[in-house]
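Everything on this sheet refers to the single structure shown next.
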Amino acid sequence: MKRLGFTLMVITAVALVGAVGCGQNRAVDTDRVEQSFQNAPDDDREAVRKAIAAVKAGDYAGALAAVEKVPDSPKLTPAQQESLRDLMIQLQKLAPGATSAPPAAPSAPATGGSRP
């Protein structure tokens with residue numbers, strides 16, 4: 001009886017490890033950037049679409065290269081900038097030899113006055 005309990009425990013542990021390992025196929029969350037770029041200018045949206053296709057193919061370096069110039073676009077909203085920065089951070093962790101820095105967070109507008 002003890003042997004059966006031990007066997008069931010080992011089977012359960014193997015199943016849990018297998019389930020966690022299978023979840024790594026989607027190591028990059030693209031949902032947020034996809035949603036935020038639905039209404040972006042065509043050239044920016046196309047770059048993000050190419051990056052997402054590269055992510056789905058497992059080409060993280062290619063995905064990072066596809067989105068590196070998008071942060072320079074003056075037409076991006078703060079939500080787009082943030083989702084793009086998050087995507088780039090994820091890609092840099094997975095892309096071999098990635099050295100580019102993610103775009104800086106949007107800064108708060110200056111209030112114009114100083115306090116004594």
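Observations on the model:
- FRET efficiency, 1/(1 + (r/R0)^6) with R0 22 Å, evaluated for ALA53 and THR77 via beta carbons: 0.45
- Anchor LYS56: aspartates and glutamates whose Cα lies under 15 Å away (excluding residues fewer than 8 positions away in-chain): ASP29, ASP31, GLU34
- Annotation: for a label point projected 7 angstrom from Cα along Cα→Cβ of GLU46, residues of region 59-86 with backbone N closer than 15 Å are 66-67, 69-70.
Every number here is computed from the coordinates shown, using simple stated rules; none is lab data. These numbers come from a predicted model, not from an experiment. Cβ atoms come from the backbone with ideal geometry, glycine included; neighbour counts cover every protein chain shown.
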